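Chemist: Questions regarding the structure given below will be posed in turn.
The values are calculated or read from the model by the stated rules, or taken from the named source; none is laboratory data. Values in this document were obtained by computation on a predicted structure and should not be read as measured data. Cβ placement follows ideal geometry from the backbone for every residue including glycine, while neighbour counts extend to all protein chains displayed.
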Amino acid sequence: MIAVARVRKPLAEPAALEINRPRLPWWTLLPLWAQLVLSPVALAWLVGWLTVNTARVVWRYPLTVVLLVAAWWLGAHLGRRWLLGILLGAVVVVLVWRWRHRASFARFVVPQVRTEWRRFAVYACGWRTVMRLSDLTKTSRGREHRPVLGRVRAEGWRDRVRVRMIAGQAPQQWENHADGLAHSFKANSCRVRVVKPGRLELDLIHHDPLIHPVPVPALADDAMQVDLKRVTVGRTETGKPWRLRLLGNHVLAVGVSGAGKASLLWSIVWQLAPAIRAGKVRLVGIDPKGGMELGQAPDLFHRVVFDNGPDAVALLEELAKDVKARAGRYRGWLRNWTPETGDPFTLLVVDELADVIAYQQDRQLRERAARAVQTITSQGRAPGVCVLGLLQDPRKEVVGFRHLFPTKIAMRLDETAQVDMVLGDGVRQRGANAHEISEHTPGVAWVKEDGKREPVRARAFHVTDHNLAVLEAHVTGRRARVYPFPGAVEGGEAA
Ligand SMILES: Nc1ncnc2c1ncn2[C@@H]1O[C@H](COP(=O)(O)OP(=O)(O)OP(=O)(O)O)[C@@H](O)[C@H]1O
């Protein structure tokens, strides 16, 4: 009988062993004598590396380092009891400081403590994981290249986080991951700003600093105080004044109904008031909504038309003629308008620009209006004529010459496409999400100026009806009139 040896076959072929070959540092391959010769250089490099990293830790966590070193020194030289006593004393001093001088405490102590804590706990600890899971790292020849976490500044409403990108990375990659980064670092949103080549700053936003209306400042008295290159119309989210350039500029503000376009208009007029009173600035207005907006303070205007018909078109054509006439007078004498010309600076306000140049039924009127507005916008900057166009519908068919407005303002909008139409391509990716502006914060806007890469978020002053009455009285010198509500008992006069 022949015994048949049964060979058991393995169920599956074993997989090839997949491991990275260990990579030895290059210097281990050098001969011993070369290693000995190079050892002082290696030592110097090590000392340099340690010094730089220690300095970096001290730079990033100065308060923590000082406290730890002081605690160690006190503990070593004076003993634990003294240390405990001094610590308690320090806590009392801090509490008293907070109690007695809350403002200086909030300015000097809180941001530093918050910055160091958040840098360590939120960013440094989770950085590697978040970078890997967000696909922002790259592995090449077995080595992982990871973006470097730089300076962090925690300002309460936002954290500003500097990043050194890895080679071959573009800011757009970060912009594409902005939402993921915001969620990973427990922020409401994240914006990406380029600081310089290879360096970014992430704005991780925690809450909206523009949640409360910004009251108008006191009316200025002196026309000399009005700087047409820097008219303050509200506050930016960083707490700085929101300044608009009117001289040599045109402004297009777009927003849905109730977005607060009128507050922007009246904020501008509020700041121009002393110059209007002195005759140095002239307001010209067209309000196709029958005067619902400009009709609130008609006396502020040199000329105002309350429809989009022949009168409005005639006014626009007159202004276009004036622009050309001024340009003719200044030719060979001035490059730009100055007050010395004797001509007043003219601000043309068109509330609902679309009604004048797009929705007008009469084709001839529509075309004449569009031609005149284009003439004023294309030629009016140098001769001292500025157009402030307010608009609800930013489509190209409505305003085909948006590029003639160097300052574009996107207030609350409905769709992302509208934001792109107003601010231009790519601005939304830098954080200008005007479609996300809350309906509870009218007057908030994203502002993009030609030539500046970064958009700015700001809120216009809240100009109330009472403010308007005061403004009109200030400019005209008459006592402010309060118009009674139809059917209501006749009201008095406001001072
Ligand atoms: N900057 C602001 N701060 C606080 N509230 C504001 C601000 N701007 C506007 N509001 C409030 O929001 C409401 C709508 O504002 P506004 O009339 O300016 O919007 P609008 O964009 O001009 O609307 P429409 O296009 O319908 O005229 C008003 O009740 C006003 O009081």
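Chemist: Do we find that residue 214 is under 23 Å from residue 336 (Cβ atoms) and either buried (at least 18 other Cβ atoms within 10 Å of the Cβ) or within 16 Å of the ligand (Cβ to nearest atom) (or both) in this structure?
Modeler: Values: under 23 Å from residue 336 (Cβ atoms): no; either buried (at least 18 other Cβ atoms within 10 Å of the Cβ) or within 16 Å of the ligand (Cβ to nearest atom) (or both): yes.
Answer is no for this residue.
Chemist: Would you be able to tell me the number of residues in the range 437-467 that are touching a helix residue (DSSP H, G or I) at 6+ places or on another chain (Cβ under 6 Å) and surrounded by fewer than 18 Cβ atoms within 10 Å (Cβ to Cβ)?
Modeler: So the count comes out to 0.
Chemist: Given the criteria crowded, with 18+ Cβ neighbours inside 10 Å, touching a helix residue (DSSP H, G or I) at 6+ places or on another chain (Cβ under 6 Å) and at pLDDT below 95, does residue 410 qualify?
Modeler: So residue 410 does not fit the description; no.
Chemist: Next question. Just to be sure before I move on: is residue 473 in contact with a Lys or Arg (Cβ under 8 Å, 6 or more places away or on another chain) and in a helix (DSSP H, G or I) in the structure I sent?
Modeler: Yes: the conditions hold for residue 473.
Chemist: Another one. What are the pairs, 6+ residues apart or on separate chains, where a residue within the range 89-104 that is modelled with pLDDT of 90 or more has its Cβ under 8 Å from a residue that is among the polar types (S, T, N, Q)?
Modeler: If the second residue must be among the polar types (S, T, N, Q), the pairs left are 97/104.
Chemist: Condition (residue is in the same structural domain as residue 267 (by TED's automatic domain parsing) and either among the hydroxyl-bearing types (Ser, Thr, Tyr) or more than 16 Å from the ligand (Cβ to nearest atom) (or both)) applied to the range 458-465: is it met by at least one residue?
Modeler: Within the range 458-465, one or more residues are in the same structural domain as residue 267 (by TED's automatic domain parsing) and either among the hydroxyl-bearing types (Ser, Thr, Tyr) or more than 16 Å from the ligand (Cβ to nearest atom) (or both).
Chemist: With the requirement that a residue be out of contact with any strand residue (DSSP E or B) (no Cβ under 8 Å at 6 or more places or on another chain) and not polar (S, T, N, Q), what does the range 437-474 give you?
Modeler: Step one: list which residues in the range 437-474 are out of contact with any strand residue (DSSP E or B) (no Cβ under 8 Å at 6 or more places or on another chain), which gives 439-440, 442, 451-452, 463-465, 467-468, 471, 474.
Result: 439, 440, 442, 451, 452, 463, 465, 468, 471, 474.
Chemist: Which count do you get for residues in the range 261-288 that are closer than 18 Å to residue 422 by Cβ, among the small types (Gly, Ala, Ser) and buried (at least 24 other Cβ atoms within 10 Å of the Cβ)?
Modeler: Result for the range 261-288: 1.
Chemist: For the structure I just gave you, tell me whether residue 428 is assigned by TED's automatic domain parsing to the domain that holds residue 447 and at pLDDT below 90.
Modeler: Here the answer is yes, as residue 428 does meet what is asked.
Chemist: Further question on the same structure: Where residues in the range 216-247 are under 22 Å from the mean Cα position of the chain (by Cα) and among the small types (Gly, Ala, Ser), which of them is farthest from residue 293 (Cα to Cα)?
Modeler: The extreme case among them is 239.
Chemist: What are the residue pairs meeting all of these: first residue in the range 371-396, first residue touching a residue at least 12 places away in the same chain (Cβ under 8 Å), second residue among the acidic types (Asp, Glu) and in a loop (DSSP other than H, G, I, E, B), Cβ atoms under 8 Å, and 6 or more apart or on different chains?
Modeler: Going by the 8 Å Cβ cut-off, the qualifying pairs are 383/343; 384/343; 390/351; 390/352; 391/352; 392/352.
Chemist: If you scan the range 242-264, which residues turn out to be closer than 24 Å to residue 475 by Cα and within 8 Å of the ligand (Cβ to nearest atom)?
Modeler: Correct list: 260, 261, 262, 263, 264.
Chemist: Suppose we filter 417, 369, 434, 382 for residues that are away from the ligand (no atom under 16 Å from the Cβ), crowded, with 23+ Cβ neighbours inside 10 Å and assigned by TED's automatic domain parsing to the domain that holds residue 282; which single one remains?
Modeler: Step by step, each of 417, 369, 434, 382 is checked, and only 369 is away from the ligand (no atom under 16 Å from the Cβ), crowded, with 23+ Cβ neighbours inside 10 Å and assigned by TED's automatic domain parsing to the domain that holds residue 282.
Conditions (1) within 16 Å of the ligand (Cβ to nearest atom); (2) in the same structural domain as residue 304 (by TED's automatic domain parsing); (3) touching a Ser or Thr at 6+ places or on another chain (Cβ under 8 Å), marked per residue:
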{"residue": "350", "(1), (2), (3)": "yes, yes, no"}
{"residue": "387", "(1), (2), (3)": "no, yes, yes"}
{"residue": "392", "(1), (2), (3)": "yes, yes, yes"}
{"residue": "411", "(1), (2), (3)": "yes, yes, no"}
{"residue": "440", "(1), (2), (3)": "yes, yes, no"}
